[in-house]
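A short worksheet on the structure shown next.
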Amino acid sequence: SGAVSEMTLAEIKQYDAAYNWSQDDGQTYPLRGQGITIPSLREVFEAFPQYPMIIEIKQESPSMAGTLCDLIKEYAMEEYVMVPSFSDTAIAEFRESCPTVATQPSTGEVTRFVILNFLGLSGLVRPAYQSFGVPESQYGIPIVTRWFIWNANRRNLDVQIWTINDPDEMQRFIDMGVD
């Protein structure tokens with residue numbers, strides 16, 4: 001346990017990435033002890049070239065914007081990667097470092113769009129992002145509504161909702177028009 005930012009890659013590689021993986025609600029752990037380690041992003045890009053990915057920036061400091069951008073460019077993944085972050089600072093730094101890679105809005109940007117959308121003023125938003133990645137609601141406030149989806153789509157913004165694990169719920173959102 002601990003913050004990944006405080007560990008070296010060698011330390012992270014010592015962990016068993018399949019230790020808690022189970023297909024039967026914890027009765028067995030068939031991949032435990034099989035040498036499955038946590039891959040670096042470089043290893044993921046090498047194993048899955050040209051595979052669409054969402055790579056979330058989880059930290060502001062130290063900034064990873066330039067390093068992440070360089071790695072995305074090194075593997076020619078600009079057209080395959082979407083980068084979100086809850087942090088206004090982290091996503092702004094990434095956009096400045098890597099303007100050719102698609103991003104999703106920070107929490108502050110989502111909040112601004114939701115409020116303006118509720119007021120019928122979402123046309124005032126000039127998004128620096130290409131897609132929404134949002135929950136159905138936040139703090140009891142609905143985010144994903146038909147009006148939200150319609151206004152996002154009018155600006156060529158996809159709406160992706162997380163985390164939906166129930167097929168009926170997924171169908172409900174597909175019927176609403178989420179991407």
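Scanning region 91-105 for residues that are over 18 Å from GLY66 (Cβ atoms) and out of contact with any Lys or Arg (no Cβ under 9 Å at 6 or more places or on another chain) yields a single hit, GLN104.
Inspect region 63-76 for any residue being within 28 Å of PRO127 (Cα to Cα) and at pLDDT below 95 and give the result as yes or no. Looking for residues that are within 28 Å of PRO127 (Cα to Cα) and at pLDDT below 95, one finds at least one in region 63-76, hence yes.
Restricting attention to region 58-114, the residues that are of a type in the set (Val, Ile, Thr), touching a residue at least 24 places away in the same chain (Cβ under 8 Å) and open to solvent by 60 Å² or more (accessible area, probe 1.4 Å) add up to 1. Suppose we keep only residues that are surrounded by 14 or more Cβ atoms within 10 Å (Cβ to Cβ) and either out of contact with any Phe, Trp or Tyr (no Cβ under 8 Å at 6 or more places or on another chain) or part of a helix (DSSP H, G or I) (or both) within region 115-127. Which one would you say is modelled with the lowest pLDDT? Per the stated criteria, the residue is SER122.
The values are calculated or read from the model by the stated rules, or taken from the named source; none is laboratory data. Because the structure is a prediction, the values reported are computed rather than measured. For neighbour counting, all protein chains shown are included, and Cβ atoms are generated from backbone atoms with ideal geometry for every residue, glycine included. When the accessible area is computed, the model is the full protein with side chains, heavy atoms only, and any ligands, DNA or RNA have been set aside. Shrake-Rupley method; radii C 1.70, N 1.55, O 1.52, S 1.80 Å.
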